[in-house]
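The next block holds one structure in the form of structure tokens; read it before the comments.
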Amino acid sequence: MNKKPYERPVIIKQYSGLMNKFGTAPVQPPITEIDGVSVEKLTSEYGSPLFVFSERKIRETFRKINRIFKTRYPKVQFAWSYKTNYLSAICKIFHQEGSWAEVVSEFEYKRAKKLGIAGKNIIFNGPDKNEEALAEAVKDGAKIHIDHFDELYTLLEVTEKLDKTANVAIRVNMDVGIYPRWDRFGFNYENGEAAQALKRIVLSDRLNLIGLHTHIGTYIMTAEPYRVAASKLVELYKMLSEQYGINLDYIDMGGGLPSKNTLKGQYLDAEQILPSYEQYADAITSELLKLTLPLEEMPTLILESGRALIDDAGYLIGTVIGLKRLTTGKRAVIIDAGVNYLFTSYWFKHKIVPAQQSGTFTENSAVYGPLCMNIDCLREDIVLPTLKKGDKVVILNVGAYSVTQWMQFITLRPNVVMIFEDGETEIIREAETIEYIAAPERLPERLK
Ligand SMILES: *Cc1c(COP(=O)(O)O)cnc(C)c1O
């Protein structure tokens with residue numbers, strides 16, 4: 001017979017379930033399945049911890065946000081932000097839905113090409129594009145978004161050497177009322193640097209100016225900054241048209257739309273305080289529509305949304321390793337998935353939900369990962385029912401930046417599976433092995 005779980009009784013002050021001015025703490029029902037596939041089945045087949053992505057959710061979210069913009073503006077093109085999640089299966093779904101690729105390094109550029117994306121459908125962003133990468137992008141006819149003057153001059157040299165022209169835009173940074181300002185990327189609007197860079201480009205017969213780009217930040221919590229940014233790009237658009245007779249193909253508003261994750265230090269759930277995507281779309285499109293151009297001359301609105309499109313399609317399943325009482329009396333739950341898989345837990349209060357029915361008693365708990373590091377805390381305070389060793393938990397909204405920013409640290413990274421729309425599941429990234437980690441290492445002869 002199994003030993004019954006027993007814990008020495010302690011007296012703790014109970015906070016959970018009490019009324020405060022916002023009402024009672026919500027009782028979160030367990031998540032026993034994802035897209036109809038039971039958590040139990042997933043972990044018995046693929047192990048724990050386990051990342052799970054929902055094909056259905058990705059397509060649903062993409063179509064919803066795409067529709068919100070398309071019903072407000074006639075020409076809309078999404079470009080999938082590779083750094084947000086560049087697993088091939090994930091990128092492929094976005095490309096099937098019609099997204100171009102938005103890349104910020106040579107590595108990401110090559111990944112997009114490997115997935116069969118034509119150069120003209122790759123937006124090459126980022127501050128670090130070396131000569132080789134630029135040459136490849138020029139030959140492919142990619143859309144190169146210039147970040148700074150040194151890059152502009154390098155690109156001029158590259159096009160000269162290749163005797164080719166490059167399709168370019170510039171990234172513009174501007175004061176949109178968010179501080180600290182993201183002024184380390186691109187050319188500044190207010191101090192005239194952007195206009196100066198545009199002038200330099202227009203004067204060159206090697207650079208074909210086709211667009212304007214900005215990316216004002218990430219997880220932008222109000223729509224107003226987008227309105228300001230769009231209006232400033234519209235001003236530059238008009239200037240180019242009036243002074244140089246250039247009509248640009250597109251205005252690229254970048255990404256930064258928030259997902260449903262709640263930031264640390266934010267009391268209410270993100271869903272309760274964030275504007276709707278419709279409000280963001282209104283802010284952007286209403287400014288672009290002020291251009292009052294005939295349809296064929298209207299610039300395409302490009303969007304590089306990352307987190308908003310993928311975050312809620314990603315789940316991380318973990319297993320309870322053990323339970324403890326901290327010296328404060330607080331309950332500590334230790335699970336097998338830590339901050340090495342969830343870099344984003346430094347910023348967000350990820351929702352962690354039990355994957356099985358538990359009792360009705362809940363208490364404030366801290367959730368720790370398995371690393372032998374004090375920083376390995378997923379949640380400092382979360383109301384959870386009583387869990388026991390072996391129980392499963394599901395961490396929600398972890399599709400963005402987790403599987404690109406995760407670390408191989410202390411332990412190996414787990415399987416990533418996808419649940420397809422037909423309910424079938426498949427591994428989209430295999431769990432790492434000791435051999436995989438050791439492969440690039442060399443043990444010098446003298447140390448053997
Ligand atoms: C990271 C990034 C994005 C995506 O940002 P999200 O906040 O995930 O939407 C888009 N464009 C550029 C240039 C980026 O660097």
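The values are calculated or read from the model by the stated rules, or taken from the named source; none is laboratory data. This structure is a prediction, so every number in the text was calculated from the model and none was measured. Please note: Cβ atoms are built from the backbone with ideal geometry, for glycine as well, and neighbour counts cover all protein chains shown. Note: areas computed on protein heavy atoms with side chains; ligands, DNA, RNA excluded. Shrake-Rupley method; radii C 1.70, N 1.55, O 1.52, S 1.80 Å.
Is one or more of the residues making up the stretch 102-112 farther than 19 Å from LYS129 by Cα and either of a type in the set (Lys, Arg) or away from the ligand (no atom under 16 Å from the Cβ) (or both)? Step through it out loud before you land on a result.
Residues of the stretch 102-112 farther than 19 Å from LYS129 by Cα: none.
Checked against the condition, which is being farther than 19 Å from LYS129 by Cα and either of a type in the set (Lys, Arg) or away from the ligand (no atom under 16 Å from the Cβ) (or both), the stretch 102-112 yields no hits at all.
Can you name every residue in the stretch 240-264 that is open to solvent by less than 50 Å² (accessible area, probe 1.4 Å), of a type in the set (D, E, K, R) and not in a strand (DSSP E or B)? First the steps, then the outcome.
Filtering the stretch 240-264 for residues open to solvent by less than 50 Å² (accessible area, probe 1.4 Å) gives 240-241, 246, 248, 250-259, 261-263.
Narrowing the set further to residues that are of a type in the set (D, E, K, R) leaves 252.
Across the stretch 240-264, there are no qualifying residues.
Among the listed residues ILE321, ILE302, ILE335, which satisfies the condition of being outside the structural domain of TRP80 (by TED's automatic domain parsing), open to solvent by less than 10 Å² (accessible area, probe 1.4 Å) and in contact with a strand residue (DSSP E or B) (Cβ under 6 Å, 6 or more places away or on another chain)? Lay out the reasoning, then the answer.
Numbers: ILE321 fails: open to solvent by less than 10 Å² (accessible area, probe 1.4 Å); ILE302 fails: outside the structural domain of TRP80 (by TED's automatic domain parsing).
Only one candidate passes the filter, namely ILE335.
Identify, please: which residue in the stretch 220-234 is hydroxyl-bearing (Ser, Thr, Tyr) and open to solvent by 20 Å² or more (accessible area, probe 1.4 Å) and is, among those, farthest from the ligand (Cβ to nearest atom)? Spell out how you get there, then give the answer.
Looking only at the stretch 220-234, we keep the residues that are hydroxyl-bearing (Ser, Thr, Tyr), and these are 222, 226, 231.
In the following step, the residues that additionally are open to solvent by 20 Å² or more (accessible area, probe 1.4 Å) were identified as 222, 231.
Values: THR222: 14, SER231: 19 Å.
Among residues in the stretch 220-234 that are hydroxyl-bearing (Ser, Thr, Tyr) and open to solvent by 20 Å² or more (accessible area, probe 1.4 Å), the one farthest from the ligand (Cβ to nearest atom) is SER231.
Please identify the pairs in which a residue from the stretch 250-263 that is more than 9 Å from the ligand (Cβ to nearest atom) has its Cβ atom under 6 Å from the Cβ atom of a residue that is open to solvent by less than 10 Å² (accessible area, probe 1.4 Å) and assigned to a loop (DSSP other than H, G, I, E, B), counting only partners at least 6 apart or on another chain.
Here the result reads TYR250/PRO299; ILE251/PRO299, each pair linking the stretch 250-263 to a residue that is open to solvent by less than 10 Å² (accessible area, probe 1.4 Å) and assigned to a loop (DSSP other than H, G, I, E, B).
List the number of the failed condition for ALA135; all other conditions in (1) out of contact with any Phe, Trp or Tyr (no Cβ under 7 Å at 6 or more places or on another chain); (2) closer than 21 Å to GLY314 by Cβ hold.
Against the list (1) out of contact with any Phe, Trp or Tyr (no Cβ under 7 Å at 6 or more places or on another chain); (2) closer than 21 Å to GLY314 by Cβ, ALA135 comes up short only on (2).
Among TYR267, TYR277, TYR237, which is the only one that is among the hydroxyl-bearing types (Ser, Thr, Tyr), farther than 30 Å from GLU157 by Cβ and surrounded by 17 or more Cβ atoms within 10 Å (Cβ to Cβ)? Write out each step before concluding.
Details: TYR267 fails: surrounded by 17 or more Cβ atoms within 10 Å (Cβ to Cβ); TYR237 fails: farther than 30 Å from GLU157 by Cβ.
Testing whether each residue is among the hydroxyl-bearing types (Ser, Thr, Tyr), farther than 30 Å from GLU157 by Cβ and surrounded by 17 or more Cβ atoms within 10 Å (Cβ to Cβ) leaves just TYR277.
Looking only at the stretch 383-397, filter to residues that are part of a strand (DSSP E or B) and crowded, with 21+ Cβ neighbours inside 10 Å; which one of those is nearest to the chain's Cα centre (by Cα)? Please lay out each step first, then the result.
At the first step, the residues of the stretch 383-397 found to be part of a strand (DSSP E or B) are 383-385, 392-395.
Filter once more, so that each one left must be crowded, with 21+ Cβ neighbours inside 10 Å: 384, 392-395.
Working: LEU384: 27, LYS392: 25, VAL393: 22, VAL394: 19, ILE395: 16 Å.
If we take residues in the stretch 383-397 being part of a strand (DSSP E or B) and crowded, with 21+ Cβ neighbours inside 10 Å, then ILE395 is nearest to the chain's Cα centre (by Cα).
Can you say whether ASN191 is modelled with pLDDT of 95 or more and more than 16 Å from the ligand (Cβ to nearest atom), as far as the supplied structure shows? I'd like the intermediate steps shown before the answer.
Details: modelled with pLDDT of 95 or more: yes; more than 16 Å from the ligand (Cβ to nearest atom): yes.
In short, yes.
Can we say GLY338 is within 14 Å of the ligand (Cβ to nearest atom), closer than 30 Å to PRO414 by Cβ and part of a loop (DSSP other than H, G, I, E, B)?
Details: within 14 Å of the ligand (Cβ to nearest atom): no; closer than 30 Å to PRO414 by Cβ: yes; part of a loop (DSSP other than H, G, I, E, B): yes.
Answer is no for this residue.
Tell me, yes or no, whether the stretch 115-122 has at least one residue that is within 29 Å of LYS392 (Cβ to Cβ), touching a residue at least 12 places away in the same chain (Cβ under 8 Å), not in a strand (DSSP E or B) and not β-branched (Val, Ile, Thr).
Residues of the stretch 115-122 within 29 Å of LYS392 (Cβ to Cβ): none.
Looking through the stretch 115-122, none of the residues is within 29 Å of LYS392 (Cβ to Cβ), touching a residue at least 12 places away in the same chain (Cβ under 8 Å), not in a strand (DSSP E or B) and not β-branched (Val, Ile, Thr).
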